[in-house]
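This report refers to the structure that appears directly beneath it.
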């Protein structure tokens with residue numbers, strides 16, 4: 001089977017065939033190319049979806065055995081090689097799904113376009129979106145589990161060590177380092193629960209929902225869901241495509257809540273590491289310095305976490321902005337299609353940074369113990385002891 005770049009193959013588009021005219025260069029540049037560039041990030045997911053679809057079409061008898069075998073072999077060869085170069089994608093052909101169809105037609109002849117049988121770009125794209133975001137969300141979940149474990153480990157290392165508790169940046173009541181850290185562990189735990197719940201809703205297969213009302217072909221949606229590692233198909237064909245736009249907003253919101261939670265811990269450590277307070281010391285490998293002031297030890301990783309948490313507040317708003325009405329289309333979705341993977345990557349990175357901070361942080365125990373007894377921080381306990389018990 002040929003793996004050559006099909007640069008000489010004449011690139012045709014749906015526009016050429018259906019509308020009997022060439023697409024405007026403005027449409028190609030400002031619509032097709034923008035959408036294609038976003039989709040190329042998930043190129044492996046597109047080929048995986050095609051493989052699952054081809055196997056299902058063969059097993060259900062929609063493809064004969066030889067045709068199915070040829071289709072699967074060609075897709076496997078495409079995936080094993082330099083996929084992007086082999087496709088030689090051109091924006092005038094259209095979206096990534098059409099680029100792969102074009103490649104299959106070149107390799108297998110006109111029957112190569114059979115890959116789109118019993119399927120629409122709508123359910124295809126929705127499936128690929130879920131695949132790439134499932135992998136991205138998994139990295140966030142794994143990182144948060146590791147952070148929770150590290151918080152507990154550090155809390156155990158400093159168990160019973162006194163420290164001042166703060167409200168409004170003022171001494172409130174004495175506490176211990178392990179009690180303080182455990183409070184943040186529970187916040188991490190809640191966000192983990194939110195992530196797991198979002199993952200369960202994400203891990204459903206839209207494939208087979210087609211454009212709106214499903215397909216009359218005798219497909220097996222449960223089989224393709226199984227091949228791609230989904231728990232089950234999305235039951236409603238309409239919901240499999242456009243109607244599930246709320247998934248992006250939910251995931252972005254959970255990421256923002258997660259970052260907000262870890263930012264509170266990062267902000268405390270950032271304040272406590274200041275020259276005036278000096279209760280903790282951040283490891284030098286996690287600090288930066290100044291180009292002018294050589295004495296500086298800037299806790300840059302903590303500042304990065306805090307800054308990212310502030311930026312994440314707008315992530316859900318971007319997703320919600322494309323959730324319109326019945327007029328919504330896949331062109332709307334192209335503006336948010338590729339946002340979540342990078343946001344998951346940044347979130348997972350911030351979580352890993354904080355885990356390293358917690359693993360290496362040094363608490364100044366004598367200073368913390370001394371500070372915990374100052375500024376009348378035991379006043380409420382003294383007041384309680386002066387009030388006689390009720391008879």
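Is the stretch 43-54 home to any residue that is touching a residue at least 24 places away in the same chain (Cβ under 8 Å) and either loosely packed, with under 14 Cβ neighbours inside 10 Å or over 26 Å from residue 126 (Cβ atoms) (or both)? No, the stretch 43-54 contains no residue that is touching a residue at least 24 places away in the same chain (Cβ under 8 Å) and either loosely packed, with under 14 Cβ neighbours inside 10 Å or over 26 Å from residue 126 (Cβ atoms) (or both).
From the list 256, 244, 225, 249, the lone residue that is in contact with a strand residue (DSSP E or B) (Cβ under 6 Å, 6 or more places away or on another chain), in the same structural domain as residue 363 (by TED's automatic domain parsing), under 20 Å from residue 136 (Cβ atoms) and in a helix (DSSP H, G or I) is 225.
Within the stretch 154-168, being touching a residue at least 40 places away in the same chain (Cβ under 8 Å) and in a loop (DSSP other than H, G, I, E, B) holds for 158, 161. Just wondering, is there one or more residues in the stretch 235-251 that are within 22 Å of the chain's Cα centre (by Cα), within 30 Å of residue 61 (Cβ to Cβ), modelled with pLDDT of 95 or more and surrounded by 19 or more Cβ atoms within 10 Å (Cβ to Cβ)? No: zero hits.
Please work out if residue 312 is modelled with pLDDT under 95 and under 24 Å from residue 132 (Cα atoms). When the stated conditions are applied, residue 312 does not pass them.
Being without any contact (Cβ under 8 Å) to a residue 60 or more places away in the chain and in a loop (DSSP other than H, G, I, E, B) is the filter here, so list the residues in the stretch 352-391 that pass it. Please lay out each step first, then the result.
At the first step, the residues of the stretch 352-391 found to be without any contact (Cβ under 8 Å) to a residue 60 or more places away in the chain are 366, 370, 379, 382-391.
387, 388, 389, 390, 391 - these are the residues of the stretch 352-391 that are without any contact (Cβ under 8 Å) to a residue 60 or more places away in the chain and in a loop (DSSP other than H, G, I, E, B).
Counting only residues that are surrounded by 15 or more Cβ atoms within 10 Å (Cβ to Cβ) and not in a loop (DSSP other than H, G, I, E, B), the stretch 265-297 holds 11 of them.
Consider the stretch 217-232 and keep the residues that are buried (at least 22 other Cβ atoms within 10 Å of the Cβ) and within 21 Å of the chain's Cα centre (by Cα). The one that is nearest to residue 135 (Cα to Cα) is 230.
Which of the following residues is in contact with a strand residue (DSSP E or B) (Cβ under 7 Å, 6 or more places away or on another chain) and more than 30 Å from residue 247 (Cα to Cα): 297, 281?
Working: 297 fails: in contact with a strand residue (DSSP E or B) (Cβ under 7 Å, 6 or more places away or on another chain).
After applying the criteria, what remains is 281.
Before we move on, is residue 289 closer than 30 Å to residue 209 by Cα, modelled with pLDDT under 90 and over 25 Å from the mean Cα position of the chain (by Cα)? Against the criterion (closer than 30 Å to residue 209 by Cα, modelled with pLDDT under 90 and over 25 Å from the mean Cα position of the chain (by Cα)), residue 289 does not qualify.
The values are calculated or read from the model by the stated rules, or taken from the named source; none is laboratory data. This is a predicted model, so every value here is computed, not measured. Glycine also receives a Cβ, built like all others from the backbone with ideal geometry; neighbour counts cover every protein chain displayed.
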